[in-house]
Amino acid sequence: MIVVRDAKKLEGKPLVATIGFFDGVHVGHRFLIDEMKRIAKEKGLSSAVITFPEHPRAILQADYQPQLLNAFEEKILHLSSTGLDYCVVIDFTTQLSRLSAETFIKDILSEKLHVQTLLIGYDHRFGHNRSESFDDYKRYGDACGMEVLQEPSYTENGKSISSSWIRKHILAGDMEEATRLLTYPYTLKGHIVKGHQLGRTLGFPTANLQIDQPAKIIPAAGVYAVLVHLNKKVYKGMLCIGDRPTVQNGDDVTVEVNLLDFEGDLYNRSVRVAFLHRFRDNIRFNSLDELKAQLEKDKQTVINLLA
């Protein structure tokens, strides 16, 4: 897949394209992309996803805090796994938001990007105030020689799969279902900062993770079996999200991970954590000895889950 920020690099090639933010690049997105690729193959044209580096609402509403499944770089990586020919990246601006759907189709999609066939997701809307319908898009496309098609939603048991639905699973700690719908484990990237160092005294040194991507959602509080990517190596780990109730941490929520079979200094190093299973809630123990005993059980649980 070739990432394109300058339309001139397309060299005027006609495209079959779809457009959207594509947060998560999940099974529903992949269903749409596969259909677009099928149409492109039938027509002998190149396939392209048109997307944005920033969430449009974050540009239009200064106080909007997106809860994302992917940072931009992650989205590009996952899009590249779909077999697309091009990913066309457009900066979403207030000026762009003021364009009518008709102007966007004619001036941007048709004349600038040479889109010959546009496949639209079942719930996608664009243009100023998102006020127009698919019938309008089709009429505007006909006027400039562009075929506009609409793809039905990808459903399971009668329910449309969406980024919002996957976020709910992650916020509930249901990482198995989130992994299935995303087609890959949900990840957080960050660097290790100094914490309270209590785990070291219990024989379970933990690394305090400071998240590099503040717009990404944090899974539910609890204890997880994870895979930790560090310096091109992967370690099994157990990770806790919460307020450390045994030591009365107050409202300060931390993300702490213990790497199994690792020795060395982790401070200031960058890691990527893949969430696979949430296996228990945070619990307040009556003593540090009780906490240590539970951590021994947790370690064995992680080993069994990740075997």
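Restricting to segment 29-60, name every residue that is in a helix (DSSP H, G or I) and over 25 Å from residue 168 (Cα atoms). Explain how you work it out, then say what you get.
Initial filter on segment 29-60 (in a helix (DSSP H, G or I)): 29-43, 56-60.
Answer for segment 29-60, where residues must be in a helix (DSSP H, G or I) and over 25 Å from residue 168 (Cα atoms): 34, 35, 36, 37, 38, 39, 40, 41, 42, 43.
Assess whether residue 33 counts as being within 18 Å of residue 162 (Cβ to Cβ) and either of a type in the set (A, V, I, L, M, F, W, C) or over 20 Å from the mean Cα position of the chain (by Cα) (or both).
Details: within 18 Å of residue 162 (Cβ to Cβ): yes; either of a type in the set (A, V, I, L, M, F, W, C) or over 20 Å from the mean Cα position of the chain (by Cα) (or both): yes.
In short, yes.
Can you name the residue in segment 152-167 that is exposed (fewer than 14 other Cβ atoms within 10 Å of the Cβ) and of a type in the set (D, E, K, R) and is also modelled with the highest pLDDT among such residues?
156
Can you report the number of residues in segment 72-95 which are open to solvent by 20 Å² or more (accessible area, probe 1.4 Å) and out of contact with any helix residue (DSSP H, G or I) (no Cβ under 8 Å at 6 or more places or on another chain)?
Of all residues in segment 72-95, those open to solvent by 20 Å² or more (accessible area, probe 1.4 Å) come to 72-74, 76-78, 80-81, 83, 85, 90-95.
Next, only the ones that are out of contact with any helix residue (DSSP H, G or I) (no Cβ under 8 Å at 6 or more places or on another chain) stay: 72-74, 76-78, 80-81, 91, 95.
The number of residues fulfilling the criteria is 10.
Mind listing whichever residues of segment 1-28 are in contact (Cβ under 8 Å) with a residue 24 or more places away in the chain and not in a loop (DSSP other than H, G, I, E, B)? First the steps, then the outcome.
Step one: filter segment 1-28 for residues in contact (Cβ under 8 Å) with a residue 24 or more places away in the chain, giving 1-5, 7, 10, 12-28.
Within segment 1-28, 2, 3, 4, 7, 10, 15, 16, 17, 18, 19, 27, 28 meet the criteria.
Collect the residues in segment 256-290 that are open to solvent by less than 30 Å² (accessible area, probe 1.4 Å) and not aromatic (Phe, Trp, Tyr), keeping them in residue-number order. Outline the logic, then answer.
Step one: of segment 256-290, the residues open to solvent by less than 30 Å² (accessible area, probe 1.4 Å) are 256-260, 266, 271, 273-275, 285.
Within segment 256-290, 256, 257, 258, 259, 260, 266, 271, 273, 274 qualify.
Counting only residues that are modelled with pLDDT of 85 or more and closer than 16 Å to residue 232 by Cα, which one in segment 263-299 is farthest from the chain's Cα centre (by Cα)?
Among them, the one singled out is 269.
How many of the residues in segment 259-286 are assigned to a loop (DSSP other than H, G, I, E, B) and either small (Gly, Ala, Ser) or touching a residue at least 60 places away in the same chain (Cβ under 8 Å) (or both)? Reasoning before the result, please.
Pass one, segment 259-286, residues assigned to a loop (DSSP other than H, G, I, E, B): 260-269, 281-286.
Still in the running and either small (Gly, Ala, Ser) or touching a residue at least 60 places away in the same chain (Cβ under 8 Å) (or both): 264, 266-269, 281-282.
Within segment 259-286, residues that are assigned to a loop (DSSP other than H, G, I, E, B) and either small (Gly, Ala, Ser) or touching a residue at least 60 places away in the same chain (Cβ under 8 Å) (or both) number 7.
For segment 144-161, which residues satisfy the criterion of being farther than 17 Å from residue 112 by Cα and assigned to a strand (DSSP E or B)? Steps first, please.
Within segment 144-161, the subset farther than 17 Å from residue 112 by Cα is 149-161.
Selection gives 149, 150, 155, 156, 159, 160.
Take segment 97-128 and flag every residue that is part of a helix (DSSP H, G or I) and either under 24 Å from the mean Cα position of the chain (by Cα) or among the hydroxyl-bearing types (Ser, Thr, Tyr) (or both). First the steps, then the outcome.
Pass one, segment 97-128, residues part of a helix (DSSP H, G or I): 97, 101-112, 128.
97, 103, 110 - these are the residues of segment 97-128 that are part of a helix (DSSP H, G or I) and either under 24 Å from the mean Cα position of the chain (by Cα) or among the hydroxyl-bearing types (Ser, Thr, Tyr) (or both).
Within segment 44-66, is there a residue that is over 23 Å from residue 110 (Cα atoms) and touching a Leu at 6+ places or on another chain (Cβ under 6 Å)?
No.
Among 236, 297, which is among the basic types (Lys, Arg) and either in contact with a helix residue (DSSP H, G or I) (Cβ under 9 Å, 6 or more places away or on another chain) or assigned to a strand (DSSP E or B) (or both)?
Only one candidate qualifies: 236.
Which pairs turn up if I take residues in segment 221-241 that are farther than 14 Å from residue 282 by Cα and of a type in the set (Ser, Thr, Tyr) and look for partners that are part of a strand (DSSP E or B) and open to solvent by 40 Å² or more (accessible area, probe 1.4 Å) with beta carbon separation below 9 Å, at least 6 apart in sequence or on another chain?
Short answer, once both residue conditions are applied: 235/227; 235/229.
Is it the case that segment 74-85 has a residue that's at pLDDT below 95, assigned to a helix (DSSP H, G or I) and under 26 Å from residue 213 (Cβ atoms)? It would help to see each step written out before you state the result.
Narrowing segment 74-85 to residues at pLDDT below 95: none.
Within segment 74-85 (the criterion being at pLDDT below 95, assigned to a helix (DSSP H, G or I) and under 26 Å from residue 213 (Cβ atoms)), the answer is no, since none of the residues qualifies.
The values are calculated or read from the model by the stated rules, or taken from the named source; none is laboratory data. These numbers come from a predicted model, not from an experiment. A quick note on method: Cβ atoms are made from the backbone with ideal geometry, for glycine too, and the neighbour counts reach across all protein chains shown. In case anyone asks, the SASA skips ligands and DNA or RNA and just uses the protein heavy atoms, side chains included. Shrake-Rupley method; radii C 1.70, N 1.55, O 1.52, S 1.80 Å.
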